[in-house]
Amino acid sequence: MPLLELRHLSKTFTRHGAAPFRAVNDVSLTVERGECVALVGESGSGKSTLARLALRLIDADEGEVLLDGAYLHTLSGKALRGARMKMQPVFQDASTTFNPRRTVRAILRQAAVGDASEGHIRALLERVELRPATTFLPRYPSELSGGQRQRLSIARALAIEPAIIIADEPLSGADVSIRAQILDLLADLQTQSGVSYLLITHDILLARAFSHRIAVMHQGSIVEHGETQTVLRAPTHAYTRRLLDAVQSVDGPIRTAGVA
């Protein structure tokens with residue numbers, strides 16, 4: 001049984017004075033335990049909408065979301081909150097997801113359901129390499145750098161030991177050194193705890209470096225899906241080839257030796 005299973009999800013948005021827009025069109029995808037699946041596509045391809053459907057921040061018009069065998073669309077109230085504890089988000093701009101009036105200590109205590117002890121909070125900061133933890137606990141998000149805020153966002157997601165993290169463009173806007181640090185951190189956490197990732201990104205190089213499988217999304221549909229090395233070495237869809245050609249024109253030929 002997959003840890004996360006998306007079955008035939010579709011979502012249409014209706015905007016005043018405009019024709020209905022089908023953001024997600026009959027998408028199916030799975031994430032296994034201990035696996036990273038990268039969902040790759042340009043802005044507007046439907047990736048973030050699919051992430052919100054998976055988290056059930058919005059409801060699908062059609063289709064089902066199963067998390068560890070439970071049908072999320074059938075749950076509500078306490079049962080839904082309990083299921084969601086297995087799945088946590090990390091968003092692109094961490095600064096917009098924190099209450100600016102709460103300290104790092106308060107943010108993590110609020111997230112740490114079951115164990116909000118000082119020792120647990122410090123351990124979370126140590127896990128994401130915000131050291132020494134005692135210097136970060138009394139700070140506010142505005143007093144952290146962009147990379148530190150993203151680490152805090154990851155610590156908050158880890159506070160309840162989720163089975164899967166859905167990361168929506170978690171490295172967008174970060175400089176090269178910060179990107180490498182966060183990527184190494186995510187990989188180390190997966191090795192240590194076996195957490196799974198659904199990585200939403202427009203960056204096919206990031207997907208190459210980190211994912212086991214790639215799903216390429218275009219105009220609301222998944223147009224190509226397979227093991228990372230296979231997709232990058234022999235893409236079958238014209239859109240995937242266009243994404244790869246754009247990268248190769250800037251960075252040289254794609255190499256796949258480092259794929260997870």
For Ile166, the residues 5 or more places away or on another chain with a placed amide H closer than 5 Å to its own amide H are Gln88, Val90, Leu198
Where labels lie 7 Å past Cα in the beta-carbon direction, separation of Asp93 and Leu75 in nm
3.0 nm
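How large is the dipole of the chain about the Cα centre if only Lys and Arg carry +1 and Asp and Glu carry -1, each at its Cβ, rounded to the nearest 20 debye? Provide the component values of the computation, followed by the final result.
On the way: 30 positive and 27 negative charges, 134 e Å.
With Lys and Arg at +1 and Asp and Glu at -1, about 640 debye.
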Given only helices, namely DSSP H runs of n ≥ 4 each adding -39500 (n - 2.57), what is the per-residue ellipticity at 222 nm of the chain, to the nearest 500 deg cm²/dmol?
-10500 deg cm²/dmol
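Which order do the peptides 70-77, 183-190 come out in when sorted by mean C-beta neighbours inside 10 angstrom, highest first? Each step should come with its number before you reach the end.
Values: 70-77: 13.2, 183-190: 16.2.
Ranking the peptides 70-77, 183-190 by packing returns 183-190, 70-77.
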Connecting C-alpha atoms closer than 10 Å in a GNM of the chain, tell me which of Ser95, Ser193, Ser48 has the biggest fluctuation.
Ser193
Difference of contour (0.36 nm per residue) and Cα-Cα distance, Arg233 to Arg101:
42.7 nm
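Output the peptides 197-206, 16-25, 57-66 sorted from most to least packed, where packing is the average of other Cβ atoms within 10 Å over each peptide's residues.
Values: 197-206: 22.0, 16-25: 12.6, 57-66: 15.4.
Final packing ranking: 197-206, 57-66, 16-25.
Based on the Kirkwood radius over alpha-carbon pairs, what is the Stokes-Einstein translational diffusion coefficient of the stretch 30-152 at 10 °C with 1.306 mPa s viscosity, in µm²/s? Present the calculation step by step, with values, prior to reporting the outcome.
Values: Rh = 16.7 Å.
Once the numbers are plugged in, D ends up at 95 µm²/s.
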Eligible lysines near Lys47 by straight Cα distance, threshold 19 Å, same-chain separation 8 or greater:
Lys11
What is the log10 of I(q)/I(0) for the chain, computed with the Debye formula using one identical point scatterer on each Cα and no solvent, at q = 0.15 Å⁻¹?
-1.13
Once you wrap a convex hull around the alpha carbon atoms of the stretch 102-241, what is its projected area averaged over all directions, in nm²?
9.5 nm²
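Computed from the coordinates by the stated procedures, all read-outs in this text should not be read as laboratory data. These numbers come from a predicted model, not from an experiment. FYI the Cβ positions are ideal-geometry reconstructions off the backbone, even for glycines, and counts take in every protein chain you see.
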